[in-house]
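Written below as structure tokens is the structure these notes are about.
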Amino acid sequence: TITTASSATTTATTTTATTTLLVDHRCAPSALPSTCAVVLRPHDDEVYDAVFSNNGHFLATASKDATVAVFGVEGDGDRVSFSLLQTLRATASVHTVKWSDDDLRLVAVGSDNTITVWNPITGTRINATKPRLELGGTDSVAGVAWLK
């Protein structure tokens, strides 16, 4: 529900709209971004996820090539530069990656359901586990989150 009011005319309008994820967004091509800001090339295949750290100083990318790339981010406003700090090797293509609240750990999920935790600065693998899925042979881990 969207409600708007104008004090100059003292009128109010209420509109109810239905939002669904089952319909693709459609807009004119001119409404889409068309300028390439930067190209990052550490991966040999598709990138499935790209996430900035909470402090904004790092960027992690997850790829079909079974790697997670960690970049340092410098600059502000229109001038930003990226430097590759680490390339972390996973056991299979990596679908998603998440930063811990303190940005000292990075967790990733691979297509083989392996959940791996790394120190993104040193590149040290802290832990790797493959959860036992009980719902059937085609189940997979679709995402991860850090709990407080």
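Every number in this text was worked out from the coordinates using simple rules, so none of it is lab data. What you see is a predicted model; the values in this text were computed from it and never measured. Here the Cβ positions follow ideal geometry from the backbone for every residue, glycine too, while neighbour counts run over all protein chains shown.
Tabulated data
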quantity	calculated
For Trp118: the one exception among (1) closer than 18 Å to Val141 by Cβ; (2) of a type outside the set (D, E, K, R); (3) under 17 Å from the mean Cα position of the chain (by Cα); (4) surrounded by fewer than 18 Cβ atoms within 10 Å (Cβ to Cβ)	(4)
Strands (runs of 3 or more DSSP E) contained in region 74-148 and holding at least 1 residues in contact with a strand residue (DSSP E or B) (Cβ under 7 Å, 6 or more places away or on another chain) and of a type in the set (Phe, Trp, Tyr)	79-89, 94-99, 115-118
Evaluation of Gly56 against (1) surrounded by 12 or more Cβ atoms within 10 Å (Cβ to Cβ); (2) in a loop (DSSP other than H, G, I, E, B) (one fails), failing number	(1)
